[in-house]
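Chemist: Structure provided below as structure tokens; questions to follow.
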Amino acid sequence: MIKGSCACGRIQYQTQAQPLSVDACHCGTCQKAGGPFLGFADFPVSELQWTHQPPDMWTRSEIADRGYCNVCGSSLSMQYRFQDVIGITLGTIQAGTSLPRLGTHIFLKEKAPWFVLPDDGAQRWDEFPPEFQQKLDQWNQGRRKSERPE
């Protein structure tokens with residue numbers, strides 16, 4: 001069982017699932033959460049339960065929604081609108097939880113110049129990995145087609 005919460009405990013979650021992946025995003029928006037990157041463990045949405053109340057949501061872009069606590073300010077999640085996967089921020093996962101090693105660093109083109117990447121064996125991408133970008137492009141194409149007037 002993996003459990004976690006925001007800093008004040010108002011928002012809590014749990015899952016029996018193991019992460020599909022563990023990633024670090026170095027984009028400017030993730031840096032605004034308070035560090036040189038934001039780490040996520042990705043889970044199927046259907047496998048994650050918000051046990052007290054769901055996070056408050058905000059939208060930075062048209063492709064994803066981010067969850068946070070409006071009391072303590074903790075960043076909790078990110079979900080791309082075209083996937084049934086939710087990224088849970090690593091810092092909110094209960095201390096002592098065993099997780100897989102970090103697999104990917106993304107958006108290195110926006111990485112803080114003073115941050116030195118560790119030699120951790122993780123894949124490195126300037127933007128999204130190609131297979132993810134392809135899914136995003138397909139979703140965007142379908143969305144544009146549905147927005148066209150007939």
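The values are calculated or read from the model by the stated rules, or taken from the named source; none is laboratory data. Every value quoted in this text rests on a predicted model; they were computed, and no experiment measured them. Please note: Cβ atoms are built from the backbone with ideal geometry, for glycine as well, and neighbour counts cover all protein chains shown.
Chemist: Among the residues of region 74-108, how many are surrounded by fewer than 14 Cβ atoms within 10 Å (Cβ to Cβ) and either within 25 Å of residue 143 (Cβ to Cβ) or of a type in the set (Ser, Thr, Tyr) (or both)? So that I can check it myself, show each step before the final result.
Modeler: Going residue by residue through region 74-108, those that are surrounded by fewer than 14 Cβ atoms within 10 Å (Cβ to Cβ) are 81, 84, 94-101.
Add one more test, that the residue is either within 25 Å of residue 143 (Cβ to Cβ) or of a type in the set (Ser, Thr, Tyr) (or both), and what stays is 81, 84, 97-98.
Of the residues in region 74-108, 4 are surrounded by fewer than 14 Cβ atoms within 10 Å (Cβ to Cβ) and either within 25 Å of residue 143 (Cβ to Cβ) or of a type in the set (Ser, Thr, Tyr) (or both).
Chemist: Taking into account only those residues within region 1-55 that are surrounded by fewer than 16 Cβ atoms within 10 Å (Cβ to Cβ) and among the small types (Gly, Ala, Ser), which is nearest to the chain's Cα centre (by Cα)?
Modeler: 21
Chemist: Identify all residues within region 56-80 that are more than 14 Å from the chain's Cα centre (by Cα) and over 22 Å from residue 125 (Cα atoms); write none if there are none. Please lay out each step first, then the result.
Modeler: Initial filter on region 56-80 (more than 14 Å from the chain's Cα centre (by Cα)): 56, 62, 69-73.
Matches in region 56-80: 56, 69, 70, 71, 72, 73.
Chemist: May I ask you to list pairs of residues, at least six apart or on different chains, whose Cβ atoms are under 6 Å apart, with the first in region 53-73 being within 29 Å of residue 139 (Cα to Cα) and the second being part of a loop (DSSP other than H, G, I, E, B) and at pLDDT 90 or above?
Modeler: Hits for this filter: 55/11; 56/70; 67/55; 68/55; 69/6; 69/10; 69/11.
Chemist: Looking only at region 25-76, count how many residues are among the aliphatic types (A, V, I, L, M), modelled with pLDDT under 95 and either in a loop (DSSP other than H, G, I, E, B) or in contact with a His (Cβ under 8 Å, 6 or more places away or on another chain) (or both).
Modeler: 2
Chemist: Oh, and also: Could you please find all residues in region 91-138 being free of Cβ contacts under 8 Å to residues at least 60 places away in the same chain, assigned to a helix (DSSP H, G or I) and farther than 17 Å from residue 31 by Cβ?
Modeler: Hits for region 91-138 are 130, 131, 132, 133, 134, 135, 137, 138.
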